[in-house]
Each structure stands twice: as C-alpha cells, then as structure tokens.
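Okay, so here's the structure we're looking at.
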C-alpha cells in the first residue's frame, strides 16, 4: 500500500517591509519558511506578481517533496474582503494597494484560495494553534510600528459588517490628541505603539526596543517610566475594548511583550485597574504564542474556522 | 370551537428611580403598562418584594382578561448572570443590589422566567421590534444619566464571557480625565451623558434638556456649542467601538436623540469623520424606535433570540 501523502498549506504574509511565505503542515508546524523584501513601492502589478511567484515557488517545493497542497492563503495589510479577496481599504504602508484582488495571485495554483487582513490571520493562528485554543472569545493585539488587532467571537474570527473589525489601534484614548494617519486624532497607536514609544523616549538618541529593555532591566528610571506610560495607554485602550466585548482573553504580541516579560504584567495591572470588575471575572491577559510566524500560519489556514 | 387565548408576556424594567412593568403581546405591543416608584434605598428584600408583587399583579390582570401568560422577564441595572438570574456586578444606582436572584421574584408565577441587564433588554427590544430588525450586528446606545449600551452580533444579544458586554459608556475618551464611579478615569459617560452635558452648560442655572434644546433651536450659540461638544465626545467613543466591532448599525436613544432631531446628524457627522472609512461602508446611524418602553418590551421577550 502506498504511503499517503503529507498534506501542506501555503501561507503568504505580506507586511510593510517583507513578504514571508511558507509551507505549513496540518498541525500548524512550518515546514518551509522564506522571506524576501516586498517590492511595496513599485506599484500594484509588481507586488502582486511577487505574491504569485512566491506561491508558485512553494507549489514547486511541495511537488518536489511529494507533499499534497490542500489550500493557499494570503494575509495583507488593509481591509480585505474575505469573500472576494479584494483589498478595498486604504493601507498607508503599501501605496496603491487598494483594489488588488489577492485571490487572483493564487488562483492558478488550482487549490482553494483565501485572502484576509493580516491581523485576522494572526488571530486565526492563535485560535487554531496558540493562546486562543479552546477559547470562546479573544482580542489578539500586536504592538509593532502600529497596533493591529483581530477579534475572536464564538470561536471564530469575527470580521464585522464590512471586514473591518478588530482595529483596536484606532481607539481614541486622547480626545483631540495627536493626529493619526487614519484621519482621526488621539488614536491608541499614536501613544502605545513601538514607534510612539521610541519617539517618547527621545528622538535624537539611538533608542531601540533593545536599548530601552536593557535599561529597564537594570532599573533605569527613565526607561521604566517610558514603558510604564506605554502600558498605561495600552491598558486604557484595552479596558475600553474589554468593557465593550467582554472577551475571555486578551492576547498580546509584538514589541515589548516579546522581549521584556514584565511588560505583560504591567499591562494586565493597568487593565485590571481600569476595566469594569464584572468584565474582568473571566479575563486572562496572556502572551501571544506564535510570535512572528502567526501571520504566515494563519494565512495558510484561512477558510478553516473562519 | 373555543377561541384560542391571547398570549401575553410579562416584562419588568427596574431603573434607578422607577419600576415599569406591563403585559406585552406577541407582536411587541404593550397591552397593560404600569409605573411605580422603585424602593431602591430600602434594601434588597423590600425591592425584590416589590418586583414579586408587580409580577403577581400582572398575572392577576392577565387571568382576569383571559390571557395566557407565556413567560416573564426582568431587566435591571448592573451585571446580571443571564443563566442564573443573579445580579453580580456593582450597580451604583441601587445600593446593596448585588447578590439578589431576580429569577426568584418570578418563579412562583409558574412560567419560564428570565433576567438580564437593562441595556441588553433595550437591545433585544430593538432587535425584535425596532431599529435592529433584520440587522446582523448593531450597537444600541442610550444616553441618559449615564450611557448604556447593548450589543447585537449575529442577530443575537451578545453578552460576552461574563455577561458584561456592551458597556460603551465606560470607553476611555480622555486619558486620565475626570474620575468615574466605575473606578476608571475619562469615561465617555463623564463627557457625553445628559448629566455631563447639563453640568457643562452651567451648574448654577436652571438648565434642562428642554431649555438647552429650545435655545439651540433658536440658534443660541452657547447651547449649540455645548451640544456640539457632546456630539464630538460621543462620536469619538462610537468611532472606537465601530473600529473594533464594525457593526451594521448604531442605534441611538435617550437624551437629545429623542427631543432634538439634529443631534443624530451631528453625532453621525462626528462618527464619519473619526472612524475608519472601511468600517463605515455599511454603517447606518439611526434613532432608537422603542423609546422609553424598550426596556419593558425587551424584558418580556428575554429568552427569545437571546
């Protein structure tokens, strides 16, 4: 009897800098992982061609290995119509990306193809293989250059009425505060993203997440204050979301959460001081489990539990 | 052949001042409506007795009229465990109310009994008979002394992991702003509730919603400014919620929304300026349809679509 073929899933995770892509097995394990610089400033056609080529490359590798490709998915910044695969929202990090049909880049592979917003892919990966397993409802928050969010309700990724749910980074925390690229003012990501943090820590110096973390670990007061303030803003934004959707878990990833363990506890403390006691009864604030690979893994499993 | 009995539903709506109660037919029409002053400062037992007596009175009326009582429900301030009927959250307007089992007050009626948070009852009434009919997702917001909210997702009232979802009144809009009774600072209801508005309009004068509305209708600049500022705060809080849950509708009731028609347009304008364009694609901002009776009607139908 011939040995049955190994099933693999193609995942592409497009970011503002890199395109990560790979093959994932049915247990969520990455078997092949690649990363190239995304050609984000060369127009829609060139970038879409890059996605198409990456998917084709993965298909060839799978064939070579004798693996069976089950499906393929792409995660992208911006609002993505999950039904059609079209990017319809403005994505400030990728100029001219609006209007592209992401599913088309995968269609010639001959397997079911999916596309979604990158934060939704992260949430799906945590739901299937990470910190949101066996959880009814969760808010997945990734703190990076911006602050991304994906929502899990009733054990599914919740996309909302026009595929835009989960955008916790654009919660107003400071009424008429700093202007944000989204057009609003006082958005959470202007105060609590890694970029906002580094700006607050001093523009002129060579400040990075690493130098700040090192200083904080040594008990450096200025670094601790900057990090504490970021945790407070994040706590305020999260408390608002918790009061509204009363999730079972808040899953935090990126930035400090990944490299400075006390940060999670700081954020949790702020959340517990600020949110409704009744909304905190079942709440757990935990770290994301899948790290930088969540987007790729989630993209590979789009269409499952979503 | 005997005429089949008319089916009626018992609803009780407990507020910080009054207890409204009545009989509702299967079409959501109120057949009998009563209102008494709630004995909120006389301890849990007295108030629970009042609920029990009101429900008994309605039962007697139904019997007299030859109507068949199908079920009974209570809406109450505070967090209510929808499964057990117990009030478990602190409700600042009703001292000592925590711990009471609301279902018990209805149990002797011999019909299925339900209890829920009052804002959830409002949302359910709008879902079954009002502005949220045939809508997948909606946020129902009532602006009064405080700001209450109820969430509809997937055509159901969404209660969250510990029956506390929907609390949009406690969205932080001003980081480290005015202290709120909930323990947090800068909550939306400290800036955009009717109480906050009247406070902003001048504590010493005889300012009411009516006098402010009259002044605004005559083009009075100070009144228009106060109302405009309230709409801006409300717009900021709603935009945060819209970015997070991307609902089909925002349904606004209470306060100015009920007596000053331009208010809805003002709030909608603020929302459209502040929320993500992608999250606004399907959004409608509309007025609540059931007014002051929504709580009673929703309580009567608890257990249906919820």
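Between rounded, prolate and oblate, where does chain A land on the alpha carbon gyration tensor, with a ≥ b ≥ c its root eigenvalues, rounded for a/c under 1.5, else prolate if a/b exceeds b/c?
Working: a/c = 1.76, a/b = 1.58, b/c = 1.11.
Taking the square roots of the gyration eigenvalues as a ≥ b ≥ c, chain A is prolate.
What angle do you read, to the nearest 10 degrees and between 0 and 90, between the alpha-carbon axis of helix A:118-129 and the longest principal axis of chain A?
So the helix axis and the longest Cα principal axis differ by about 80 degrees.
In whole percent, what relative contact order does segment B:51-207 give with Cα contacts below 8 Å and a gap of six or more residues? Show your work: numbers first, answer last.
Numbers: 271 pairs, mean separation 24.0, N = 157.
It rounds to 15 percent for segment B:51-207.
In degrees, nearest 10, range 0 to 90: what is the angle between the Cα axis of helix A:44-65 and the longest Cα principal axis of chain A?
Between the helix axis and the principal axis of chain A, the angle is about 60 degrees.
Send over the per residue convex hull volume for the protein assembly as shown, Cα only, as a whole number of Å³.
On the way: hull volume 122.2 nm³, N = 612.
Looking at the protein assembly as shown, the number lands at 200 Å³ per residue.
With a 10 Å Cβ neighbour count serving as the proxy for reagent exposure, in which order, fewest first, do A:103, B:45, B:86 appear? Before the final figure, lay out the partial values.
Working: A:103 21, B:45 10, B:86 18.
Listed from fewest to most nearby Cβ atoms, that is B:45, B:86, A:103.
Return the Rg/Rh value of segment A:135-288, two decimal places, where both radii are evaluated on C-alpha atoms and Rh is the Kirkwood radius.
Values: Rg = 15.2 Å, Rh = 15.7 Å.
Radius of gyration over Kirkwood radius for segment A:135-288 works out to 0.97.
Please work out the FRET efficiency for the pair residue B:32 and residue A:104, using the Cβ-Cβ distance as r and a Förster radius of 51 Å; give the result to the nearest 0.05.
Working: r = 61 Å, r/R0 = 1.20.
Step by step, r from the Cβ atoms, then E = 0.25.
Order by neighbour count: A:225, B:189, fewest other Cβ atoms within 10 Å first, most last. Please list the in-between numbers first.
Numbers: A:225 13, B:189 29.
Sorted ascending by nearby Cβ count, the order is A:225, B:189.
Go ahead and run the numbers for FRET between residue B:214 and residue B:178, Cβ-Cβ distance against an R0 of 25 Å, rounding to 0.05.
Once the sixth-power term is evaluated, E becomes 0.35.
Looking at the square roots a ≥ b ≥ c of the eigenvalues of the Cα gyration tensor of segment A:17-136, which shape do they give, rounded for a/c under 1.5, prolate if a/b is larger than b/c, or oblate? Mind showing how you got there, number by number?
Numbers: a/c = 1.72, a/b = 1.17, b/c = 1.47.
Oblate shape, in that a/c is at least 1.5 and b/c is the bigger or equal ratio.
Give me the extension gain from residue A:206 to residue A:273: residue separation times 0.36 nm, minus the current Cα-Cα distance, reported in nm with one decimal.
On the way: separation 67, 0.36 × 67 = 24.12 nm, distance 3.35 nm.
Roughly 20.8 nm would be gained on extension.
Determine the relative contact order of chain B: mean sequence separation of Cα pairs under 8 Å and six or more apart, normalised by residue count, in whole percent.
Values: 659 pairs, mean separation 61.1, N = 306.
Averaging sequence separation for qualifying contacts and normalising by length gives 20 percent for chain B.
With chain B treated as a Gaussian network of Cα nodes joined by springs under 10 Å, which of B:181, B:138, B:288 yields the largest mean-square fluctuation?
Evaluated over chain B, the most mobile residue of the options is B:181.
How far is helix B:221-245 tilted, in degrees, relative to the longest principal axis of the Cα atoms in chain B, given as a value from 0 to 90 rounded to the nearest 10?
Once rounded, one gets 70 degrees.
Every read-out reported here was derived from the displayed coordinates using simple, explicitly stated rules and does not represent laboratory data. Here the structure is a predicted model, which means the values were calculated and not measured. Note that each Cβ is placed from the backbone with ideal geometry, even for glycine, and that neighbours are counted across all protein chains shown.
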